Amino acid sequence: KAGVTQTPRYLIKTRGQQVTLSCSPISGHRSVSWYQQTPGQGLQFLFEYFSETQRNKGNFPGRFSGRQFSNSRSEMNVSTLELGDSALYLCASSLTGKPNSPLHFGNGTRLTVT
Amino acid sequence: AQKVTQAQTEISVVEKEDVTLDCVYETRDTTYYLFWYKQPPSGELVFLIRRNSFDEQNEISGRYSWNFQKSTSSFNFTITASQVVDSAVYFCALSEANTGTASKLTFGTGTRLQVTL
């Protein structure tokens, strides 16, 4: 079974631009979550989608948005990029989306904002 | 509010040594789940184990073992006879049942384990 796939692996953008990251969950997993990982803040929850609906959202500004398609694939968008958005963005999928269900992570997209 | 503390920022050991990674958690929920993840240099977080709050049995999987103690709110991870391939950052995480979702994991800050020859 294929794991969680994230594209692209690396991205370099300029301040003010926008970016879209993509995530394909494990087949059959309906819950997709996004996390931001930085050396200073660690792993922080961005949002979760379940059956095409945003079910939970972390404490991030509205510049961060996402969506989920009917095939469970998800995209995350960051508009008006700031230097502080440089991070590793990790996507995770979960079979049931319940608290006892482990998250399965992708390799991440490393975003550098210059 | 929930919190996970991994006091050890970095640990260096020589191959074949045993090493224990500490994890202390805080939660008000009576039903919760604890996880350990491994993050190798490739970046992907790899799920290692899940423990339910109502199951304090220790677990062993090959060279890995986990000690869960509710009395001290700890969920420690021991690697026996460490190998270079164990070098990674290890994260302890907490999920509370009352959140209703798997996604609101609270992660510790991670412990970087370096195993040298």
(1) loosely packed, with under 12 Cβ neighbours inside 10 Å; (2) β-branched (Val, Ile, Thr); (3) in contact with a strand residue (DSSP E or B) (Cβ under 7 Å, 6 or more places away or on another chain): which one isn't true of residue B:60, the others all being true? (3)
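Where residues in the stretch B:3-19 are β-branched (Val, Ile, Thr) and closer than 19 Å to residue B:34 by Cα, which of them is surrounded by the most Cβ atoms within 10 Å (Cβ to Cβ)?
Step one: of the stretch B:3-19, the residues β-branched (Val, Ile, Thr) are B:4-5, B:9, B:11, B:13-14, B:19.
Imposing the further condition that a residue be closer than 19 Å to residue B:34 by Cα reduces the set to B:4-5.
Values: B:4: 22, B:5: 14.
It comes out as B:4.
Report yes if residue B:74 is at pLDDT below 95, buried (at least 16 other Cβ atoms within 10 Å of the Cβ), within 14 Å of the chain's Cα centre (by Cα) and over 27 Å from residue A:108 (Cα atoms), otherwise no.
Values: at pLDDT below 95: no; buried (at least 16 other Cβ atoms within 10 Å of the Cβ): yes; within 14 Å of the chain's Cα centre (by Cα): yes; over 27 Å from residue A:108 (Cα atoms): yes.
Considered against the rule, which asks whether it is at pLDDT below 95, buried (at least 16 other Cβ atoms within 10 Å of the Cβ), within 14 Å of the chain's Cα centre (by Cα) and over 27 Å from residue A:108 (Cα atoms), residue B:74 comes out as no.
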Okay, strands (runs of 3 or more DSSP E) sitting entirely in the stretch B:1-86 with 1 or more residues that are within 14 Å of another protein chain (Cβ to nearest Cβ), of a type in the set (A, V, I, L, M) and touching a residue at least 12 places away in the same chain (Cβ under 8 Å), I get B:3-5, B:32-39, B:46-52
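Restricting to the stretch A:59-80, count the residues that are in contact with a Gly (Cβ under 9 Å, 6 or more places away or on another chain) and surrounded by fewer than 21 Cβ atoms within 10 Å (Cβ to Cβ).
Initially, the stretch A:59-80 is screened for residues in contact with a Gly (Cβ under 9 Å, 6 or more places away or on another chain), giving A:64, A:72, A:74-77, A:79-80.
From what's left, surrounded by fewer than 21 Cβ atoms within 10 Å (Cβ to Cβ): A:64, A:75, A:77, A:79-80.
Number of matching residues: 5.
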Report yes if residue B:115 is surrounded by 14 or more Cβ atoms within 10 Å (Cβ to Cβ), assigned to a strand (DSSP E or B) and in contact with an Asp or Glu (Cβ under 6 Å, 6 or more places away or on another chain), otherwise no. yes
Report yes if residue B:85 is surrounded by fewer than 14 Cβ atoms within 10 Å (Cβ to Cβ) and either at pLDDT 95 or above or out of contact with any Asp or Glu (no Cβ under 6 Å at 6 or more places or on another chain) (or both), otherwise no. yes
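Which of the following residues is at the interface with chain A (Cβ under 10 Å from one of its Cβ atoms) and touching a Lys or Arg at 6+ places or on another chain (Cβ under 7 Å): B:93, B:102? Explain how you work it out, then say what you get.
Working: B:93 fails: touching a Lys or Arg at 6+ places or on another chain (Cβ under 7 Å).
Exactly one residue qualifies, and that residue is B:102.
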Would you kindly identify the strands (runs of 3 or more DSSP E) lying entirely within the stretch A:31-102 that contain at least 2 residues that are within 20 Å of residue A:6 (Cβ to Cβ) and away from chain B (no Cβ under 12 Å)? A:64-68, A:74-78
Any chance the stretch A:35-54 includes a residue that's over 22 Å from residue B:91 (Cα atoms) and either under 11 Å from the mean Cα position of the chain (by Cα) or surrounded by 15 or more Cβ atoms within 10 Å (Cβ to Cβ) (or both)? yes
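The values are calculated or read from the model by the stated rules, or taken from the named source; none is laboratory data. Since the model is a prediction, treat every value here as computed from it, not as a measurement. Reconstructed Cβ throughout: ideal geometry from the backbone, glycine too, with neighbour counts over all protein chains shown.
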